[in-house]
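For reference, the structure discussed in these notes is given below.
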Amino acid sequence: MPPPAIDLRNIHLHRGPTHILNDVSWTVPTGSCAAILGPNGSGKSMLTRVVACHLWPTAGTAVILGNRFGETNLLELRKSIRLVQAAGPFDVDPSLTTREAVLTGFFSTIGLYDAYTEEMNAEALRLLEQVGLAHVADHTYSTLSSGERVRSLIARALAIRPQLLLLDEPTSGLDLLAREQVLATVQSMFESDRTPPTVVMITHHVEELPPATANVLLLSEGRVAACGSPGEVIRSEVLSPVYRCPLEVRRNNGRFYVEVHPAAWGALLPKTMKG
């Protein structure tokens, strides 16, 4: 068996007196689909930066793709990891075509500055076919819809065949169809690819987890609130105290959905002070 793709033991992250992550331990098997779940301020983004090898923890042991922090060159290790942030601070050159945007993934640049080979071009077209964007391969990137851009960024990330793919809120701001197309793209990796990368979804919402998700880490105020299979973690009695509202969970066709009954809305608003 290969070593886990992610093996975190007692991770702490402090910024001055603020404890952002507290005693976080998590193991993700290689080639699986996992998720980091939690509300705003729970520590998801900071933990993602640790897993992406962009941030050193204050204490604890971090082993990513079999490489232990402190014993490996993190710059080299990052070459096997790709982080897709739909709302990230950087985006590819909007004047490129969709195919060219995917080609930049081979060079880890946001513009296409280097000459590419025919093999690279063929692979870019194959990846666009895989994410359902072959029909817009020659469209300008700036003309793509938000959902199409996310899928093209996933194809771009897959260009180097990364061992670890981190998808940070990939469906944020998308409409229903675009969201489902992104989730279908992720699911297809585990149905058609014999050796998919390890994929980690980082999200607020359980309905954004594809059926392939086998491992969920639930964070609350920088601590592990729950960890295990979706069936073990995504339960009303587990999620409700973390999200601070009475949640009802239902499962259908391998996916989970949560809702708050309107009768509970009144208790979610602060009471008006009188007198």
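Rule-based calculations on the coordinates, nothing more; no lab input. Just so we're clear, the structure is a prediction, and the values are computed from it rather than from any experiment. For neighbour counting, all protein chains shown are included, and Cβ atoms are generated from backbone atoms with ideal geometry for every residue, glycine included.
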For a bin width of 5 Å, list the pair-distance distribution of the stretch 159-242 built from all Cα-Cα distances, rounded to whole %. 3, 12, 23, 23, 19, 13, 5, 1, 0
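What per residue convex hull volume, in Å³, comes out for the stretch 1-53 when only alpha-carbon positions are used?
81 Å³
Could you sort the peptides 264-270, 17-23, 163-169, 52-58 by per-residue average Cβ neighbour count (10 Å cutoff), highest mean leading?
Ranking, from highest mean packing down: 163-169, 52-58, 17-23, 264-270.
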For each of Met1, Met46, count neighbouring Cβ atoms within 10 Å of the residue's Cβ, then give the residues from fewest to most. Met1, Met46
Bins of 5 Å from zero: percent of alpha-carbon pairs in the stretch 1-133: 2, 8, 15, 18, 16, 15, 13, 8, 5, 1, 0
Over the Cα atoms of the stretch 99-223, compute the convex hull volume and normalise it per residue, giving Å³. 127 Å³
Average the reciprocal distances over every distinct pair of alpha-carbons in the stretch 198-245, invert the result, and give the Kirkwood radius in Å. 11.2 Å
Determine the distance separating the Cα centre of the stretch 214-248 from the Cα centre of the stretch 163-200; give it in Å without decimals. 21 Å
Considering only DSSP beta bridges where both residues belong to the chain, give the percentage that are antiparallel (nearest 5). 55 percent
Which value, in debye to the nearest 20, gives the size of the charge dipole of the stretch 198-275 about its Cα centre, when Lys and Arg are +1 and Asp and Glu are -1 at the Cβ? 240 debye
Students often check this: by mean Cβ neighbours within 10 Å, which of 124-131, 217-224, 141-148 ranks highest, and how do the rest follow? 217-224, 124-131, 141-148
The stretch 203-275, Kirkwood Rh and Cα Rg, ratio Rg/Rh at 1.06
Heads up, the stretch 89-167 by the C-alpha gyration tensor (a ≥ b ≥ c square roots of eigenvalues; a/c under 1.5 rounded, else a/b over b/c prolate, else oblate) looks rounded
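I need the per residue convex hull volume for the chain, using only the alpha carbons, in cubic angstrom as a whole number.
Each residue corresponds to 170 Å³ of Cα convex hull volume.
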